[in-house]
Structure formats: structure tokens, C-alpha cells
Amino acid sequence: MTTSDPFGGRADLERRLLRHVSPAFVEDPLRVLRVARFAARFAPLGFRVHPETLALMSRVSTSGELEHLAAERTWSEITAGLGAPAPRRFIEVLRDCGALQVLLPEVEALFGVPQPAEHHPEIDTGLHVLMALDAAARLDAPVEARFAVLLHDLGKALTPREEWPSHPGHERAGLSLVRSVCERLKAPVVFRQLAESVCALHLRCHLAVGMRPAKLLALIEAADLLRRPERLGPLLLACEADYRGRKGLEDRPYPQAEVLRGALAAATAVRAAALDLEGLDGPAIAGRMREARIRAISAALQAAPGVADQSR
């Protein structure tokens with residue numbers, strides 16, 4: 001007994017191909033994102049998008065239909081694609097068919113932008129972002145951290161060409177772009193806040209080893225970790241992915257994470273009840289608390305010596 005296979009699905013599976021089954025594929029532009037999501041999901045098994053399907057996806061991308069997708073539908077597919085085993089492939093497929101330029105032009109703009117070779121042997125900023133997504137997947141980072149990784153270097157596309165390959169202040173410049181992307185996609189608050197923190201603070205996190213206690217506390221405060229200590233884990237994973245998303249440096253250690261964990265633990269352990277605050281007003285109390293936290297961080301660092309400086 002034989003079974004019907006009118007679309008040749010069995011052959012496609014054997015050849016590890018993702019292929020449309022009808023020209024009607026173009027009737028729903030969301031299918032472009034879904035194919036990219038499936039590509040990211042099944043990339044570890046060797047699947048790739050059939051050239052004819054990619055051609056239809058390109059047709060949809062140039063039709064203007066993607067621009068009219070509801071933000072909620074787009075967001076759902078983007079988070080699913082980034083949360084897949086190979087989030088890099090999700091971005092690559094969108095780029096191959098021209099959809100990335102439509103949906104995330106801020107990310108598309110990073111390709112072709114050079115970086116200093118001494119810190120980024122891969123040179124190209126877009127390639128670095130793809131490699132950082134690879135690293136985030138290896139670290140099993142949550143999807144909000146992967147989204148932050150995708151957006152962390154948007155400011156480099158704003159650097160004047162005469163300043164290339166350096167990108168001074170790109171972390172500050174990128175914040176407006178991160179906010180624009182999040183607003184356009186209607187990203188949930190937790191995604192927005194983490195993406196902004198990673199964009200603004202990833203360079204400072206990389207410098208945590210050897211940082212003075214007062215500056216560590218300032219970094220902790222900038223990330224709002226005293227009030228939201230649960231944000232530290234995703235923040236560190238996104239920063240570590242950025243740090244490892246570089247050619248030939250994929251496996252280097254990230255001792256900065258341990259330094260920041262220890263500093264936050266020491267700072268949050270300080271309690272007002274244990275301090276002599278009698279007769280002090282609000283600002284003076286805050287100042288006394290800050291001094292106590294700096295001392296606590298200093299003591300914690302001294303109790304954990306031997307962390308090599310690998311801060312770039």
C-alpha cells in the first residue's frame with residue numbers, strides 16, 4: 001500500500017528542505033517570518049530554505065505587505081525565531097529575502113559597518129551580532145536576553161564614516177534606536193528595559209574586572225539592580241554573549257559576571273537598620289547607605305582575589 005504525497009514532502013524531508021506547497025504562500029506575509037522561524041528551529045538538523053520559497057519570500061518582502069502586519073503578530077514570530085536553537089539563522093533568512101530591511105532596518109544597517117580588529121577580529125558589526133546570537137544560544141540565554149543582544153550595537157550604524165572603525169559613544173547613540181524598535185514592535189516592558197540596559201551598559205560590564213568599588217556600585221545603580229536584582233542574570237548573559245560573539249574568541253571566559261554578582265550580593269546585603277543613621281535626613285541617609293555599600297563591595301572583592309583582568 002502506498003500513501004499519497006502530492007507535494008513531494010517526503011523528498012523534501014530527505015533533502016532537508018523547507019519548501020512552500022502552493023503559490024498561495026504569498027497571500028499571508030506572516031509566512032515569511034514563519035519560514036525564517038522554522039529555519040532557525042531546524043537548522044541544527046541541516047534544514048535550509050528551498051530557493052523557490054526564498055524567491056517567493058523576496059517577492060512578499062518587496063510588495064509592501066510586511067509593513068502592514070500587526071505588531072503583535074510580528075513580535076510573536078520574532079521572539080519565537082530568536083528563541084529557536086539557531087537564532088542567527090532566523091536573522092540570516094530574513095536578510096536573504098529582504099525582510100530584515102523592512103522589519104528591522106536598524107539591524108540591517110549594521111552589515112558592512114567595520115569595527116576595530118583588535119577587539120573584533122570578525123570586523124563587520126552585522127557579523128558580530130550574528131556571532132553574539134550564536135553565543136547567546138550556546139549560553140541558553142532567555143529570549144529577552146537574545147533580543148537585547150540583537151539590538152545592543154545599533155548605535156554603530158550611526159557612527160560617521162570618517163570615525164570608522166571606532167565607534168565612540170555608540171552605546172548612548174543606540175538607545176534612541178532601541179526605543180524606536182521596541183515601540184514599533186510593541187515589545188513588553190521586560191524586553192524594553194533589558195534591551196536598553198544592555199545597549200547602554202554592555203561596555204561598562206565588560207570593564208567590571210579591576211573596576212573600583214564606587215564605579216561598580218554606580219554600574220549596579222545604573223542597571224537598577226538594587227531594586228530589580230532579578231535583572232542581573234539576563235543582563236550578564238547578554239553581555240557575555242556580546243563578549244564571546246567574536247571570531248576566535250568564542251570560548252574565552254567572562255569573569256566579569258562573577259565580579260558583578262559578588263558586588264550586587266554585597267551591596268544588597270547592607271541594611272539601614274545596621275547603620276547609625278540617628279539624626280540624619282534623607283540625603284544624608286542615602287549617602288551613608290552608599291558609603292556602606294561601597295565598603296561592602298570592597299570587602300567582597302578583597303575576599304575573592306585572583307580574577308584576571310580581561311576587561312575589553
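Of note:
- Residue pairs meeting the criteria (Cβ under 9 Å; at least 6 apart or on separate chains; first loosely packed, with under 15 Cβ neighbours inside 10 Å, in region 247-258; second of a type in the set (A, V, I, L, M)): K247/I123; K247/L127; K247/M131; E250/M131; E250/A135; P253/A308
- If only residues of region 97-140 that are aliphatic (A, V, I, L, M) and over 15 Å from the mean Cα position of the chain (by Cα) are counted, the one that is surrounded by the fewest Cβ atoms within 10 Å (Cβ to Cβ) is A117.
- A single member of V189, V209 is at pLDDT 95 or above, within 16 Å of the chain's Cα centre (by Cα) and β-branched (V, I, T), and it is V189.
- Some residue of region 179-187 being free of Cβ contacts under 8 Å to residues at least 40 places away in the same chain and crowded, with 19+ Cβ neighbours inside 10 Å: yes
- Every residue from region 159-178 that is without any contact (Cβ under 8 Å) to a residue 60 or more places away in the chain and touching a helix residue (DSSP H, G or I) at 6+ places or on another chain (Cβ under 8 Å): T159, H167, G169, H170, E171, R172, A173, G174, L175, V178
- Test: residue in region 189-206 that is in a helix (DSSP H, G or I), surrounded by 20 or more Cβ atoms within 10 Å (Cβ to Cβ), among the small types (G, A, S) and in contact (Cβ under 8 Å) with a residue 24 or more places away in the chain: yes
- Positions within region 45-86 being of a type in the set (S, T, N, Q) and either in contact with a His (Cβ under 6 Å, 6 or more places away or on another chain) or at positive phi (or both), in sequence order: T53
Here's the yes/no breakdown for (1) charged (D, E, K, R); (2) closer than 12 Å to A238 by Cβ:
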{"residue": "H128", "(1), (2)": "no, no"}
{"residue": "L139", "(1), (2)": "no, yes"}
{"residue": "R146", "(1), (2)": "yes, yes"}
{"residue": "G155", "(1), (2)": "no, no"}
{"residue": "S166", "(1), (2)": "no, no"}
{"residue": "R179", "(1), (2)": "yes, no"}
{"residue": "C205", "(1), (2)": "no, yes"}
{"residue": "P213", "(1), (2)": "no, no"}
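- Taking region 141-150 as the range and being surrounded by 24 or more Cβ atoms within 10 Å (Cβ to Cβ), under 10 Å from G83 (Cβ atoms) and hydrophobic (A, V, I, L, M, F, W, C) as the test, the residues that pass are A141, F147.
- Scanning region 209-221 for residues that are free of Cβ contacts under 8 Å to residues at least 24 places away in the same chain and assigned to a helix (DSSP H, G or I) yields a count of 3.
- Checking region 163-175 against the condition returns no match, with no residue being among the charged types (D, E, K, R), under 15 Å from H202 (Cα atoms) and surrounded by 22 or more Cβ atoms within 10 Å (Cβ to Cβ).
The values are calculated or read from the model by the stated rules, or taken from the named source; none is laboratory data. This structure is a prediction, so every number in the text was calculated from the model and none was measured. Ideal geometry is used to build each Cβ from the backbone, glycine not excepted, and the neighbour counts take in all protein chains shown.
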